[in-house]
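Student: One structure, pasted below without further comment.
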Amino acid sequence: MNKILILITFIVLISACKNSNSRKSENEADIHKVTVEEVLHAAGYTYLLVSEGRKEQWLAIPQMDVDPGTTYYYQGGLKMTEFKSRELDRVFESVIFLEQISLEPPSPLESGSVSMDHSSTIPVEKLDISVEVANDGITIAELISGKKSYKGKIVRIRGQVTKYNADIMDKNWIHLQDGTEHDGQFDLTITSDITVKTGEVLTFEGKIALDKDFGFGYFYEIIMEEAKIID
């Protein structure tokens, strides 16, 4: 009996070591070292054609200055196939959307914590602003505090555009603030086919959805969809 227990313990320990090494290898393998071959700029994004050995891949990152020939590292990301950029009037066979690339390889801690949950991974700074409430409109604080009562309803909110990302999943993504907040929440995400600029103060009207999951890590507790601008 003792020999059987020893054998079982040995098998469990070996299995645990293999699983640990497997997770470590997966993290290490997920770190890509690439060289920039081509750079394209569009509203809100910079598209990079990069090479990794003999393989080439398009990446999309928040707009930044990148020089061809530079070596970068990245990990994770959201891969989309047959992605059409209206800004560039081009269809990419595949493109990986990233929050960032770096000149140095990610640390072991960073390697184990990469996420593409766009509802929470990118910190949003609260602006020191005060935007007048739209006619027949509500504030962001009112929306958040009474979100259940606004579910499925069309509301009107005026605020300042703090972030704009174009052509993601055939939608333009807008972040809006009006200076109000509730329970630490002050930012409203909006989807639309409208092109806007960061810093603009606009009035949006759209339908409110709760716990919206678009897949690929795009989950929002509250979001305004199919928004249009009200003059």
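Student: Positive end of the charge dipole of the range 31-111 (Lys, Arg +1 and Asp, Glu -1 on Cβ, about the Cα centre): tell me which of Gly44, Ile31, Tyr73 has its Cα farthest that way.
Tutor: Ile31
Student: Sticking with this one: Treating the beta-carbon of each Lys and Arg as +1 and of each Asp and Glu as -1, no other charges, what is the dipole magnitude of the range 31-111 about its Cα centre, to the nearest 20 debye?
Tutor: Approximately 220 debye in magnitude.
Student: How long is the gain from Asp213 to Asp67 if the chain were fully straight, where each residue apart is worth 0.36 nm and the alpha carbon distance is subtracted?
Tutor: 49.0 nm
Student: Which value in nm describes the separation of the simple spin-label points at His41 and Ile129, placed 7 Å from the Cα toward the beta carbon?
Tutor: Those two pseudo-labels are separated by 2.3 nm.
Student: If you add up the charges near Lys84, with Lys and Arg at +1 and Asp and Glu at -1, over every other residue whose beta carbon is less than 14 angstrom from its beta carbon, what do you get?
Tutor: Charge balance in the 14 Å sphere: -4.
Student: For a quick check: with amide H placed at 1.01 Å from N, whose amide H comes under 5 Å from Arg90's, ignoring anything fewer than 5 positions away on the same chain?
Tutor: Ser85
Student: With the cut-off at 1.5 for a/c, could you classify the range 146-231 from its C-alpha gyration tensor as rounded, prolate or oblate?
Tutor: rounded
Student: Going by a ≥ b ≥ c, the root eigenvalues of the Cα gyration tensor, does the range 31-111 fall in the rounded group (a/c under 1.5), the prolate group (a/b larger than b/c) or the oblate group?
Tutor: Here the range 31-111 falls in the prolate category.
Student: Another question about this same structure. Could you compute the FRET efficiency for Leu103 and Lys153, with r as their C-beta to C-beta distance and R0 at 35 Å, rounded to 0.05?
Tutor: 0.15
Student: Oh, and also: In whole percent, what relative contact order does the range 31-111 give with Cα contacts below 8 Å and a gap of six or more residues?
Tutor: 30
Student: If you don't mind, there's one more thing I want to ask. What number comes out for the charge environment of Asp183, summing +1 per Lys or Arg and -1 per Asp or Glu over other residues with Cβ under 15 Å away?
Tutor: Residues near Asp183 contribute -1 overall.
Student: Separate question: Just to verify a number: FRET efficiency for Lys197 and Arg54, C-beta to C-beta distance, R0 = 41 Å, to 0.05?
Tutor: 0.55
Taken together, the values in this text are just the output of simple stated rules run on the coordinates, not laboratory data. Every value quoted in this text rests on a predicted model; they were computed, and no experiment measured them. Ideal geometry is used to build each Cβ from the backbone, glycine not excepted, and the neighbour counts take in all protein chains shown.
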